[in-house]
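Have a look at the structure below, then the notes.
The values are calculated or read from the model by the stated rules, or taken from the named source; none is laboratory data. Just so it is clear, the model here is predicted, and its values are computed rather than measured. Because the Cβ atoms are built from the backbone with ideal geometry, glycine has one as well, and the counts that use them run over all protein chains shown. Note: accessible area is taken over every heavy atom of the protein model, side chains too, but ligands, DNA and RNA are not part of it. Shrake-Rupley method; radii C 1.70, N 1.55, O 1.52, S 1.80 Å.
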Amino acid sequence: MTTLDAPRHDILDTTASSDNYLTHSRGFLSWALTLDHKRIGVMYLIAVLGSFLVGGIFALLLRTELLTPGRTFVDADTYNQFFTLHGAIMVFLVIIPSIPAALGNFVLPIMLGAKDVAFPRLNLFSFYLWVGGALFTLYSLAVGGFDTGWTFYTPYSTTTTTGGVVPVLIGVFILGFSSIFTGLNFIVTVHKLRPPGMIWFKMPLFLWAIYSTAIIQVLATPVLAITLCLLIVERTLNIGIFNPSMGGDPVLYQHFFWFYSHPAVYIMIVPAMGIISEIIAVHSHRHIFGYRFIAFSSIAIAMFSFIVWGHHMFISGQSGLMNTIFSLISFSVAIPSAVKTFNWTMTLYKGTISLTAPMMYGLSFLFLFTIGGLTGLHCATLNTDVHLHDTYFVVAHFHYVMMGSALIGMIGGLHHWWPKMTGRMYHEGTAITACIIIFIGFNLTFFTQFMLGSQGMPRRYYDYQPEFQIYHVISTIGAYTMAVGFVITAVCFAQSLMSGRRAPANPWGGRSLEWQCASPPPHDNFATTPTVGDCYNFTAVIWDEKQQGYIVDRTLDPDMPHSTGAKPGGHS
Amino acid sequence: MPSIASTLLAQTPSPLTPADFWLPIGASQQAAGVDWMFTAINWICYFFFLLVVTMMVVFVVKYRGKPGARFRSDAPTHNTLLELSWSVIPLLLCIAIFWYGFKGYVDLSTPPKNSFDVNVTAFKWGWQFKYPNGAQSDNLVVPANRPVRLTMRATDVLHCCFIPAFRVKKDIVPGRYSTLWFQCDHPTGLDEAAGYHLFCAEYCGTGHSNMNRRVLVLPQAEFDAWMVKQAAWLDEIPDDELYFKAGPKIYARCQQCHSLDGTAGLAPTWQGLWDRVANPTGAVRFTDGKSYADLIGPGKEFPTPQDYVRDSIYNPGHYLVAPYGNVMPTFKGQLNDRGIDAVIGMMQHLDEFNAKGVWTKATSAKDPAK
């Protein structure tokens, strides 16, 4: 890359370095061919948020259709496409890449004090694979869309007449490789590029989470790729693998699919848990409670995630013995989840809590994840799951985890690192208002769906019994409320980009390395490899009036592992 | 909890539990066990949810930092005993929940030996329930106070039989049989409005949400009488009245895809269909390029138009009229020869029916039979 333009002094004031990653080089190609992890992260972020808008519009359309029983404004086939597209876009294009590829790409190397990820070219390639996968998904819409549900269950998916099935399968196949390469890159980066002094148990918990996620991405996603290939082969060449009319077995497909897609649930939620560990510690300005338990619970969740897939199939015709074993193992996921929840809650104890926008999202996460996690008990228990399976109860449960936790965590992380990424602050009051609106809208939308489901309303229904209408109306109002919240968030960010106050290097009082380089970071992140302290020891973090931000005063932290003993300072 | 074994094996009728905030009406022997488990888990959830949220709110209020204040540094960084306890206590609770759920599940999935058998066929998009004496029904009619076992199969894609009031559900997988059992002690009569809902819970395409039927529960004596009457309904109709008495009833299962008035649907309209097959031309093409004229007629694959219609019903994927897809399930074993006769008769006299398949000739002519 060449730098043709002079630094823009009209934008950058004198206190910040004139050379940051946004101004380091200019022009379209300097972005399109960049190897800078920060720019790739930003490109991912824009792409993911764009997809989120599309997936969200489909959600609003399908909620609108469900306002009345029977036809509200579209026919059954269109509705089936709405929920299929909503699910497929949100899972494959939004949530899976959102935290690791967008925020992780930006933050991970800086947290490590590194200049970039281990394989910058592979990183860019991952991004273009994502773009390729997204284009195939778009193409599938142009050739008739698809109405299979995001799960592509056979034999429906191999016999449906909608024209976009094979293109979207190819798209998801490609997206899978994007995910694999990102995971591979992060595993190597964490192993090889940690700075001197950062032993495993000094890593920020976000890195533990990203690392656990990367392991799942690398090990599970190839199974999805193989499964999708088999599906394409069956659909195009009529080779019977899953379709019983050609000698195949549809339950085999479900095993293959969930062998990936259950771990995929943790690809989505574990990075969000990492963000929450950061947000709650930083905005409580207090050492994370039980660091080792949280770190190990990330690894435990990653391991358990591979052996619980059968709980998606309790009523599928899988044998009773398998159901029993999978039910028992499924409960094992509850333990590390409970450990994390209690540890986050205890991190608030004796903290110095700032109710900033990221912290509001962190607290929302804690509230919503508690509900999402606890309702998993109903679904893992064999006899109650028989009643609740394939109803709105399950829909509500996984939305509390996938949206209320994973996506809220991602939006919280975005607020947390936004000043670092853009060099601009946003209007705190607006962001908090939006967060509260989203929180209320979310609970209106999905808590009612728990009741719908336990009352017996099956999922993926275009038409329904009149007695369910009141729940659907409340749920739809909730969805509109959430949309308002997200629009306010978008306006808040746009306002920040255009006229936001310049962000200090450390606006929240964080201690990990990303808060010790400028906002936005320079092209190489750090001029010299930084020294590492305890990233959760906030005693050395003090407010600096001149910078309107926090600084780390090293004299207050002798960089000892147990420096929690209070030092009498003159800062009361 | 009520001992599940004693609840299920007892000869005393199970209580009818009314709908509450969470659960719908419970009308089967199994409902009590599932509901007890569901409620027990709910209380565990309430407890832990309130614990976490209360702690969260109290801590946030109490430890809210003042702007510019020095950060506290007296907070504990970990407490192994505390952390072990909140690992082990949930673990023990989970094992207990698993155990009771497992016991309940064993009862849910073990039909008693004296069960009454009903054969179920699920297809896009409807159900057929068949009884030991050959009777067939679109709604699930079962005897009360007796275990009923459904042996289910699907003709096309995955379906799933779900009866919320009975707390039972099972996927129906093409190519294999699956079973489901329940016992209901609360008769409803034959009035559909009083019946319990039966849903398809596994997504199966356009008409997925229109597969809802009713479970109608009759006392044993009434049920026996119903079964005898139901088995004979096609035979009791005189031949010349078959097409307008049986035709519309059978057509109810075809109408989701085949219109009578030329409206475009998922399959060819029946309007003018008989003319087209009785006078086959090259105009109607199949997806393989052949036409009606190539296949229908003396000496050809289908010597009479009746042969062609019969084959289309029993073997729908054999020849597909372009541009329609292979979406129709087979009706082999569901429609007998008299049923086929009724359908063909209806096609031949389509001018006597309105667009909804209601026979309108009765008002215009005295003698319906030609």
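Filtered by the rule that a residue be among the charged types (D, E, K, R), out of contact with any Ser or Thr (no Cβ under 8 Å at 6 or more places or on another chain) and more than 23 Å from B:L335 (Cα to Cα), the range B:277-315 gives B:D288, B:K290, B:D294, B:K300. Condition (residue is part of a helix (DSSP H, G or I), under 26 Å from the mean Cα position of the chain (by Cα) and closer than 23 Å to A:L169 by Cα) applied to the range A:237-254: is it met by at least one residue? For the range A:237-254, residues part of a helix (DSSP H, G or I), under 26 Å from the mean Cα position of the chain (by Cα) and closer than 23 Å to A:L169 by Cα: present. Condition check for A:W418 on (1) crowded, with 23+ Cβ neighbours inside 10 Å; (2) within 13 Å of A:G362 (Cβ to Cβ); (3) of a type in the set (F, W, Y): one failure, at (2).
Within the range B:94-116, the residues that satisfy the criterion of being at the interface with another protein chain (Cβ under 7 Å from one of its Cβ atoms) and not hydrophobic (A, V, I, L, M, F, W, C) are B:G101, B:G104, B:Y105, B:S109.
Residue pairs whose Cβ atoms lie under 7 Å apart, separated by 6 or more positions or on different chains, with the first residue in the range A:442-454 and within 10 Å of another protein chain (Cβ to nearest Cβ) and the second surrounded by fewer than 22 Cβ atoms within 10 Å (Cβ to Cβ) and not in a helix (DSSP H, G or I), are A:M451/B:W22; A:S454/B:W22.
Being open to solvent by 40 Å² or more (accessible area, probe 1.4 Å) and of a type in the set (A, V, I, L, M) is the filter here; which residues of the range B:224-275 pass it? Residues satisfying the conditions are B:A225, B:V228, B:A252, B:A264, B:L266.
Quick check on my filter: what residues within the range B:174-187 are away from chain A (no Cβ under 13 Å) and surrounded by 20 or more Cβ atoms within 10 Å (Cβ to Cβ)? Matches in the range B:174-187: B:Q183, B:C184.
The set of residues from the range A:453-470 being farther than 13 Å from B:L23 by Cα and under 28 Å from the mean Cα position of the chain (by Cα) comprises A:P458, A:R459, A:R460, A:Y461. Within the range A:319-360, the set of residues being surrounded by fewer than 24 Cβ atoms within 10 Å (Cβ to Cβ), assigned to a loop (DSSP other than H, G, I, E, B) and at the interface with chain B (Cβ under 9 Å from one of its Cβ atoms) comprises A:Y349, A:K350, A:T352, A:S354, A:L355.
Would you call A:L363 outside any helix (DSSP H, G or I), closer than 25 Å to A:I440 by Cβ and within 9 Å of chain B (Cβ to nearest Cβ)? Against the criterion (outside any helix (DSSP H, G or I), closer than 25 Å to A:I440 by Cβ and within 9 Å of chain B (Cβ to nearest Cβ)), A:L363 does not qualify. Looking only at residues of the range A:374-431 that are more than 29 Å from B:D171 (Cα to Cα) and of a type in the set (S, T, Y), we find that the one that is farthest from the other protein chains (Cβ to nearest Cβ) is A:T422.
Every residue, every condition in (1) in contact with a Pro (Cβ under 6 Å, 6 or more places away or on another chain); (2) modelled with pLDDT of 90 or more; (3) open to solvent by 30 Å² or more (accessible area, probe 1.4 Å), yes or no:
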position: A:G456; (1), (2), (3): yes, yes, no
position: A:Y461; (1), (2), (3): no, yes, no
position: A:G478; (1), (2), (3): no, yes, no
position: A:M482; (1), (2), (3): no, yes, no
position: A:S499; (1), (2), (3): no, yes, yes
position: A:W508; (1), (2), (3): no, yes, no
position: A:A527; (1), (2), (3): no, no, yes
position: A:C535; (1), (2), (3): yes, no, no
position: A:G570; (1), (2), (3): no, no, yes
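Counting residues in the range B:64-76 that are out of contact with any Asp or Glu (no Cβ under 9 Å at 6 or more places or on another chain), open to solvent by less than 70 Å² (accessible area, probe 1.4 Å) and either in a helix (DSSP H, G or I) or at pLDDT 90 or above (or both) gives zero.
The single condition among (1) under 30 Å from A:T159 (Cα atoms); (2) open to solvent by less than 60 Å² (accessible area, probe 1.4 Å); (3) more than 10 Å from every other protein chain (Cβ to nearest Cβ) that B:N119 does not satisfy is (2). Looking only at residues in the range A:237-260 that are open to solvent by 60 Å² or more (accessible area, probe 1.4 Å) and either among the basic types (K, R) or under 13 Å from A:T159 (Cβ atoms) (or both), which one is farthest from the other protein chains (Cβ to nearest Cβ)? Of everything passing the filter in the range A:237-260, A:N238 is farthest from the other protein chains (Cβ to nearest Cβ).
Remark: A:H287 falls outside the filter, which requires a residue to be in contact with a helix residue (DSSP H, G or I) (Cβ under 8 Å, 6 or more places away or on another chain), touching a residue at least 40 places away in the same chain (Cβ under 8 Å) and not in a loop (DSSP other than H, G, I, E, B). Selection over the range B:198-212 of residues that are touching a strand residue (DSSP E or B) at 6+ places or on another chain (Cβ under 7 Å), at the interface with chain A (Cβ under 7 Å from one of its Cβ atoms) and open to solvent by 20 Å² or more (accessible area, probe 1.4 Å) gives a count of 0. Restricting the range B:22-43 to residues that are more than 7 Å from chain A (Cβ to nearest Cβ) and of a type in the set (V, I, T) leaves a set whose member that is surrounded by the fewest Cβ atoms within 10 Å (Cβ to Cβ) is B:T39. So if I check each of A:I307, A:I299, which one is of a type in the set (A, V, I, L, M, F, W, C), open to solvent by 10 Å² or more (accessible area, probe 1.4 Å) and more than 30 Å from A:P358 (Cβ to Cβ)? Exactly one of A:I307, A:I299 is of a type in the set (A, V, I, L, M, F, W, C), open to solvent by 10 Å² or more (accessible area, probe 1.4 Å) and more than 30 Å from A:P358 (Cβ to Cβ), namely A:I307. Considering only the range B:77-93, state which residues are in a helix (DSSP H, G or I) and more than 7 Å from chain A (Cβ to nearest Cβ). Listed by number, the residues that qualify are B:T80, B:L81, B:L82, B:L84, B:S85, B:V88, B:I89, B:L92, B:L93.
Every test in (1) without any contact (Cβ under 8 Å) to a residue 40 or more places away in the chain; (2) aliphatic (A, V, I, L, M); (3) over 30 Å from A:G240 (Cα atoms); (4) open to solvent by less than 10 Å² (accessible area, probe 1.4 Å) is passed by B:I95 save one, and that test is (4). If you filter the range B:286-307 down to residues that are among the hydrophobic types (A, V, I, L, M, F, W, C) and outside any strand (DSSP E or B), you find that the one that is surrounded by the fewest Cβ atoms within 10 Å (Cβ to Cβ) is B:A293.
Beta carbons closer than 8 Å, at least 6 apart along the sequence or on distinct chains, pair a first residue in the range B:144-173 that is farther than 12 Å from B:F199 by Cα and within 7 Å of chain A (Cβ to nearest Cβ) with a second that is assigned to a strand (DSSP E or B) and of a type in the set (D, E, K, R) for B:L158/B:D171.
Annotation note: Cβ proximity below 7 Å between a residue of the range A:477-505 that is in contact (Cβ under 8 Å) with a residue 40 or more places away in the chain and in a helix (DSSP H, G or I) and a residue that is crowded, with 21+ Cβ neighbours inside 10 Å and among the small types (G, A, S) (sequence gap 6+ or interchain) occurs for A:A479/A:A59; A:G485/A:A434; A:I488/A:A434; A:T489/A:A431; A:T489/A:A434; A:C492/A:A431; A:C492/A:A434. Evaluation of A:W150 against the conditions (1) within 14 Å of another protein chain (Cβ to nearest Cβ); (2) crowded, with 20+ Cβ neighbours inside 10 Å; (3) in contact (Cβ under 8 Å) with a residue 60 or more places away in the chain shows that the sole unmet condition is (2). Residues that are in contact with a Leu (Cβ under 7 Å, 6 or more places away or on another chain) and closer than 18 Å to B:S178 by Cα within the range A:227-271 comprise A:F242, A:P250, listed in sequence order.
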